[in-house]
1. Looking at the structure I just gave you, is Thr119 at pLDDT 80 or above, of a type outside the set (A, V, I, L, M, F, W, C), surrounded by 13 or more Cβ atoms within 10 Å (Cβ to Cβ) and not assigned by TED's automatic domain parsing to the domain that holds Thr18?
2. Which one is nearest to Leu84 (Cα to Cα), of the residues in the stretch 1-53 that are touching a residue at least 12 places away in the same chain (Cβ under 8 Å) and basic (Lys, Arg)?
3. Residue by residue through the stretch 32-42, note down the ones that are surrounded by 10 or more Cβ atoms within 10 Å (Cβ to Cβ) and over 14 Å from Glu3 (Cα atoms).
4. What number of residues within the stretch 127-162 satisfy the criterion of being more than 30 Å from Arg17 (Cα to Cα) and either surrounded by fewer than 10 Cβ atoms within 10 Å (Cβ to Cβ) or among the hydrophobic types (A, V, I, L, M, F, W, C) (or both)?
5. Scan (1) at pLDDT 85 or above; (2) under 25 Å from Pro128 (Cβ atoms); (3) in contact with a Gly (Cβ under 8 Å, 6 or more places away or on another chain) for the single condition Glu22 breaks and write down its number.
6. Scan the stretch 82-116 for residues that are among the aromatic types (Phe, Trp, Tyr) and modelled with pLDDT of 85 or more and jot them down.
7. When Ala15 is evaluated against the numbered criteria (1) small (Gly, Ala, Ser); (2) at pLDDT below 95; (3) over 30 Å from Pro128 (Cα atoms), which criterion, by number, is the only one it fails?
8. Among the numbered criteria (1) hydrophobic (A, V, I, L, M, F, W, C); (2) at pLDDT 90 or above; (3) in contact with a Gly (Cβ under 6 Å, 6 or more places away or on another chain), which single criterion is violated by Val44?
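The values are calculated or read from the model by the stated rules, or taken from the named source; none is laboratory data. What you see is a predicted model, and the numbers here were worked out from it, not measured in a lab. Glycine also receives a Cβ, built like all others from the backbone with ideal geometry; neighbour counts cover every protein chain displayed.
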Amino acid sequence: MLECLLAEPYYRLPAPRTTGKELFHEEYLRARLTGFGQLPPQDVVATLTRLTARTVADALRPLGATEVFASGGGVRNPTLTGMLRAELGGAEGCIVGGARAARRRGKEGYAFAVLGYLTLHGLPGNAPGCTGAAGPRVLGSITPGSRPLQLPAKPTRAPSSLTVGAPVRR
């Protein structure tokens, strides 16, 4: 089953690449599992977990990565992190999750705050070299409330860093 899933042409596309539910969705998985008979759900989940670890490791190997800083919900999954460590061959210095990884809590909020700031100021929020986009683009949209929309003046230069301080207590 793992080999069948790994045969997906998407995994052989050159970087940068991105996809989501437009390719990988429930019907996609059902079609790939045709011919395997009735499978216990835990076997399907275990195989998808191995697929995740394998494809992440396969994407990192050509880069010669010796350290991996992972964050997000997946780092709370000891099976996934164990599989990723195994797929990476226990590379010295390989870190998955842990104290040196990006903070799980708030990371998405910080990212959306930055994207919102950029959009509000008419600044591009993408990196074409990383995403394969045709060029820089302002991302998202702004929907005014009951009052007319008043945008701030465009900054003279784009921000180059983000400093996150202690949470404000109210």
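1. Working: at pLDDT 80 or above: yes; of a type outside the set (A, V, I, L, M, F, W, C): yes; surrounded by 13 or more Cβ atoms within 10 Å (Cβ to Cβ): yes; not assigned by TED's automatic domain parsing to the domain that holds Thr18: yes.
Yes.
2. Here the answer is Arg50.
3. Taking the stretch 32-42 first, the residues surrounded by 10 or more Cβ atoms within 10 Å (Cβ to Cβ) are 32-33, 36, 39.
Once the filter is applied, which keeps residues that are surrounded by 10 or more Cβ atoms within 10 Å (Cβ to Cβ) and over 14 Å from Glu3 (Cα atoms), the stretch 32-42 yields only Leu39.
4. Going residue by residue through the stretch 127-162, those that are more than 30 Å from Arg17 (Cα to Cα) are 144-156.
Checking which are either surrounded by fewer than 10 Cβ atoms within 10 Å (Cβ to Cβ) or among the hydrophobic types (A, V, I, L, M, F, W, C) (or both) leaves us with 144-153, 156.
Within the stretch 127-162, residues that are more than 30 Å from Arg17 (Cα to Cα) and either surrounded by fewer than 10 Cβ atoms within 10 Å (Cβ to Cβ) or among the hydrophobic types (A, V, I, L, M, F, W, C) (or both) number 11.
5. Going through the list (1) at pLDDT 85 or above; (2) under 25 Å from Pro128 (Cβ atoms); (3) in contact with a Gly (Cβ under 8 Å, 6 or more places away or on another chain), Glu22 breaks only (3).
6. Here is the first cut: in the stretch 82-116, the ones among the aromatic types (Phe, Trp, Tyr) are 110, 112.
Correct list: Phe112 only.
7. (3)
8. Only one criterion in (1) hydrophobic (A, V, I, L, M, F, W, C); (2) at pLDDT 90 or above; (3) in contact with a Gly (Cβ under 6 Å, 6 or more places away or on another chain) is unmet by Val44, namely (3).
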